[in-house]
1. Could you grab me the full set of residues in region 133-158 that are without any contact (Cβ under 8 Å) to a residue 12 or more places away in the chain and assigned to a helix (DSSP H, G or I)?
2. Looking only at region 95-139, count every residue that is away from the ligand (no atom under 13 Å from the Cβ) and hydroxyl-bearing (Ser, Thr, Tyr) and tell me the total.
3. Out of (1) within 30 Å of residue 304 (Cβ to Cβ); (2) away from the ligand (no atom under 11 Å from the Cβ); (3) modelled with pLDDT of 95 or more, what's the single condition that is false for residue 162?
4. Taking the residues in region 1-19 that are among the hydrophobic types (A, V, I, L, M, F, W, C) and in contact with a strand residue (DSSP E or B) (Cβ under 6 Å, 6 or more places away or on another chain) as candidates, determine which candidate is farthest from the ligand (Cβ to nearest atom).
5. Please give the number of the condition residue 51 fails out of (1) buried (at least 20 other Cβ atoms within 10 Å of the Cβ); (2) within 12 Å of the ligand (Cβ to nearest atom).
6. Restricting to region 316-341, count the residues that are over 16 Å from residue 104 (Cα atoms), surrounded by fewer than 21 Cβ atoms within 10 Å (Cβ to Cβ) and not small (Gly, Ala, Ser).
7. Which residues, counting only those in region 237-261, are among the charged types (D, E, K, R) and either more than 21 Å from residue 156 (Cβ to Cβ) or surrounded by fewer than 17 Cβ atoms within 10 Å (Cβ to Cβ) (or both)?
8. Out of 117, 172, report the one residue that is out of contact with any strand residue (DSSP E or B) (no Cβ under 6 Å at 6 or more places or on another chain), over 20 Å from residue 328 (Cα atoms), surrounded by fewer than 23 Cβ atoms within 10 Å (Cβ to Cβ) and of a type in the set (D, E, K, R).
Amino acid sequence: MKKLRVAVIGCGSIAKFRHLPEYGSHSGVEVVAVCDLIEERANEAAETYGAVAYTDYKTLLKTEQIDAVSVCLPNYLHAPVSVAALEAGCHVLCEKPMATSKEEAENMIKAAKDNGKKLMIAHNQRFVPSHVKAKELIEKGELGKIYSFRTTFGHGGPEGWSVDGKESWFFKKEKAFIGAMGDLGVHKSDLMRYLLGEEFVEVAGFVENNAKEDTDVDDNAVCVLKTASGIIGTLTASWAYKGSEDNSTIIFGEKATLRLEDDPINSLVAQYANGQIVKYELGKIQSNEEGGQNNSHVIEHFVDSIVQDKEPLISGEEGMKSLQVILSALESAQTKRIVSQ
Ligand SMILES: NC(=O)c1ccc[n+]([C@@H]2O[C@H](COP(=O)([O-])OP(=O)(O)OC[C@H]3O[C@@H](n4cnc5c(N)ncnc54)[C@H](O)[C@@H]3O)[C@@H](O)[C@H]2O)c1
């Protein structure tokens with residue numbers, strides 16, 4: 001079968017640790033072109049994957065015959081570059097947060113529809129084994145009625161991750177737009193929408209910059225969320241957890257409590273109301289601490305959705321709904337009101 005011709009735009013950390021190696025090891029894919037503003041980053045990726053290097057994504061899209069593109073760029077470029085790639089006839093896998101506003105997200109969804117192409121957002125948390133198992137248990141009714149949850153994603157900040165370290169775009173409002181909430185919080189709004197199978201209808205948030213000095217974006221946030229059926233919970237995001245990373249989620253139901261990524265060995269622990277405890281030792285979650293090297297299944301899923309002509313699990317609409325929760329939290333923090341959405 002003909003291989004899928006892929007380009008990766010942005011050759012920073014997420015491209016280097018996830019997109020490029022996962023495309024590179026996929027038998028149905030050929031990495032044809034790569035692009036980064038910094039020429040040596042593009043050249044290094046091009047050399048490793050036998051691709052052509054570009055420093056301007058518009059030239060890449062004009063010159064190469066590409067089937068699919070990964071957008072691995074700072075947040076403010078997600079929408080314009082995704083739309084340009086979709087209009088050039090490419091399927092798009094865009095990193096999270098999908099965009100910096102609802103209008104941008106809608107433009108991306110429209111461009112995908114108008115051009116008959118797939119648009120997927122790289123919310124890898126849906127493919128983490130403990131999360132997959134939790135979804136299965138919840139759908140089987142093992143928890144009974146769900147009452148509440150708490151979910152968090154926090155670590156020391158992107159200076160330890162981004163290719164530009166302390167100088168990174170992650171800390172600059174005009175490029176990132178949202179700080180820890182856009183980097184980490186949106187992973188959890190997406191995860192909770194997926195696990196609970198419900199939308200959040202009310203959002204309250206404290207979204208602060210109270211830890212890092214050289215940034216004008218948020219680095220600590222605590223939010224309270226309520227779903228349509230009345231499940232309530234907290235979502236926290238932080239770039240100021242000085243100890244180890246915390247990526248845990250706890251879901252409290254009528255028949256059981258599920259603890260996800262809370263125990264270092266057993267990534268899912270189910271504590272049943274009758275006293276029974278079931279421990280699942282599943283694969284590890286992707287973490288900054290390990291350089292994100294383990295298979296995220298994101299690329300595999302994106303490629304399958306193209307080859308099998310299926311809607312990806314995390315479509316543009318899904319990405320937009322998960323983004324909206326974060327935008328509502330920011331609005332709540334600014335207006336000091338609960339936001340209905
Ligand atoms: N899914 C996940 O778990 C996950 C994890 C980390 C980052 N991300 C997301 O991936 C995206 C990229 O993050 P990163 O960690 O790789 O950042 P990074 O800072 O490591 O890399 C960004 C790269 O983009 C390049 N770049 C900037 N402007 C460009 C332009 N106009 N044209 C071409 N290249 C340009 C930079 O030179 C840099 O090499 C972000 O949206 C981030 O939120 C997702």
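The values are calculated or read from the model by the stated rules, or taken from the named source; none is laboratory data. Remember, it's a predicted structure, so these values are computed and weren't measured experimentally. Here the Cβ positions follow ideal geometry from the backbone for every residue, glycine too, while neighbour counts run over all protein chains shown.
1. 136
2. Adding up the residues that qualify gives 2.
3. Of everything listed in (1) within 30 Å of residue 304 (Cβ to Cβ); (2) away from the ligand (no atom under 11 Å from the Cβ); (3) modelled with pLDDT of 95 or more, residue 162 misses just condition (2).
4. Among those that are among the hydrophobic types (A, V, I, L, M, F, W, C) and in contact with a strand residue (DSSP E or B) (Cβ under 6 Å, 6 or more places away or on another chain), it is 4.
5. For residue 51, the exception is condition (2).
6. Number satisfying all stated conditions: 7.
7. Residues satisfying the conditions are 242, 246, 254, 255, 259.
8. Within the list 117, 172, the selection yields 172.
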